[in-house]
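Participant: Before anything else, here's the structure in question.
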Amino acid sequence: MIIIPARLSSSRLPKKVLADINGTPMVIKTALIAKKVDDVVIATDSQEVIDIAKKYNINAVMTDKNHKSGSDRIKEASDILGMKDDDLIINLQGDEPFIESDILQKVKQTLESIKNRDFVMASCYKTIDELSAEDPNLVKVVIDKNSDAIYFSRSKIPYNRDNSVHTYKGHIGIYGFDKKSLDKFCQINAHIEDIEKLEQLRVIYHGYKIKMIEVETKSFGIDTAEDLAKAIEYEKNSN
């Protein structure tokens, strides 16, 4: 199942998840792509979002307004839905209206391949250049030979001491879990996640693994009015 956390409040872009992109609310565009891959539920704190989801025949559940993160919100949604420990869940942000369905399919397949692990979690990355890696808003990840994450950072890692030609791995914030591992994820914490403001670091701190999947994508998240204008233009040019 794909669960989309959709908190209505947003400081930089009011009612972001309902922002209109050429006639369709952003969270709905995201959900319609996700429906090509699996069952979809929107986890929200807003009756307005639930009512709009119904118009598009998309399931939605009401969750607490005070969750600290999208992970906590989808955890509550999975409880409401009565999901079992071994059920697979993909956490897809509601501000990804151009996410490619094949990426979601890869996450789903990867979760199936690692479901016998004690802790089941997967995420994605794309190759980025030196200049893009300078952006602290674009999280970088270093992986081991088995494609498990070693560390995530807003800094440019690994450090390029000799200034050789090098590409970096830019993290894409799509997460997959089984229900048991999602519950565990929401129970643990770590001081390093507070420093970097990256919740996935709690997993590494506690010795669990995150399987990383290399993907290619043209998708981008939408956080500001400028991003929204870019999204509207992007879709017009794509059609």
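Participant: Hey, rough spin-label estimate for Lys35 and Asp183, points 7 angstrom out along Cα→Cβ, what's it come to in nanometres?
Facilitator: Reported label-point gap for Lys35 and Asp183 is 3.1 nm.
Participant: If you don't mind, there's one more thing I want to ask. Could you list the chymotrypsin sites (Phe, Trp or Tyr not before Pro) in region 117-179 that lie in coil according to DSSP, counting only those with at most 13 other Cβ atoms within 10 Å of their Cβ? Before the final figure, lay out the partial values.
Facilitator: On the way: sites: Phe119, Tyr125, Tyr151, Phe152, Tyr159, Tyr168, Tyr175, Phe177; in loops: Phe119, Tyr159.
Taking region 117-179 and a limit of 13 other Cβ atoms within 10 Å, the loop chymotrypsin sites (Phe, Trp or Tyr not before Pro) found are Tyr159.
Participant: Dipole size in debye (nearest 20) for region 117-217 around its Cα centre, Lys and Arg Cβ +1, Asp and Glu Cβ -1? Display every interim value, and only then the final one.
Facilitator: Values: 15 positive and 16 negative charges, 64 e Å.
I would put it at about 300 debye.
Participant: Given a Förster distance of 35 angstrom, what is the FRET efficiency for Lys84 paired with Asn22, based on the Cβ-Cβ distance and rounded to 0.05? Display every interim value, and only then the final one.
Facilitator: Values: r = 39 Å, r/R0 = 1.11.
So the FRET efficiency works out to roughly 0.35.
Participant: Are there trypsin sites (Lys or Arg not before Pro) in region 115-152 that DSSP marks as loop and that have at most 11 other Cβ atoms within 10 Å, and which are they? Intermediate results must be reported in sequence, preceding the final value.
Facilitator: Values: sites: Lys115, Arg117, Lys126, Lys140, Lys145; in loops: Lys115, Arg117, Lys145.
Answer in residue order: Lys145.
Participant: When only DSSP loop residues count, what trypsin sites (Lys or Arg not before Pro) in region 166-212 have their Cβ near at most 11 other Cβ atoms within 10 Å? Mind showing how you got there, number by number?
Facilitator: Numbers: sites: Lys169, Lys179, Lys180, Lys184, Lys197, Arg202, Lys209, Lys211; in loops: Lys197, Lys209.
Qualifying residues, ordered by number: Lys197.
Participant: I would also like to ask the following. At 0.36 nm per residue, and after removing the present C-alpha to C-alpha distance, how many nm does the segment from Glu112 to Ala225 gain when stretched out fully? Intermediate results must be reported in sequence, preceding the final value.
Facilitator: Details: separation 113, 0.36 × 113 = 40.68 nm, distance 3.77 nm.
The Glu112-Ala225 span can extend by a further 36.9 nm.
Participant: Which FRET efficiency, nearest 0.05, do Glu134 and Glu233 yield, Cβ-Cβ r, R0 30 Å?
Facilitator: Numbers: r = 25 Å, r/R0 = 0.84.
Plugging the Cβ-Cβ distance into 1/(1 + (r/R0)^6) gives 0.75.
Participant: Residue by residue, what Karplus-based ³J(HN,Hα) values in Hz, rounded to whole numbers, does region 181-189 have, using 6.51, -1.76 and 1.60 with θ = phi - 60° and x for Gly and Pro?
Facilitator: Calculated HN-Hα couplings, in order: 6, 4, 4, 4, 3, 7, 9, 9, 7 Hz.
Participant: Then there is this: Roughly how many whole Å is it from the C-alpha centroid of region 68-107 to that of region 1-45?
Facilitator: 12 Å
Participant: Quick check on region 117-217: take the gyration tensor over C-alpha atoms, sort the square-rooted eigenvalues as a ≥ b ≥ c, and tell me if it's rounded (a/c under 1.5), prolate or oblate. The partial results should precede the final answer.
Facilitator: Numbers: a/c = 2.10, a/b = 1.66, b/c = 1.27.
Prolate, because a/c is 1.5 or more and a/b exceeds b/c.
Participant: Further question on the same structure: Could you run the Karplus curve 6.51 cos²θ - 1.76 cosθ + 1.60 with θ = phi - 60° over region 49-66 and give me ³J(HN,Hα) per residue in whole Hz, x for Gly and Pro?
Facilitator: So the J values, rounded to whole Hz, are 5, 4, 5, 5, 4, 4, 4, 9, 6, 10, 5, 8, 10, 8, 10, 4, 6, 9.
Participant: OK, next. Plugging the Kirkwood radius over Cα pairs into Stokes-Einstein for the chain, at a temperature of 25 °C and a viscosity of 0.890 mPa s, what D comes out in µm²/s?
Facilitator: Values: Rh = 18.4 Å.
Rounded to a whole number, D works out at 133 µm²/s.
Just so you know, all these numbers are worked out from the coordinates, no wet-lab data involved. Small disclaimer: the values here were computed from a predicted structure and weren't measured. Neighbour counts run over all protein chains shown; Cβ positions are idealised from the backbone, glycine included.
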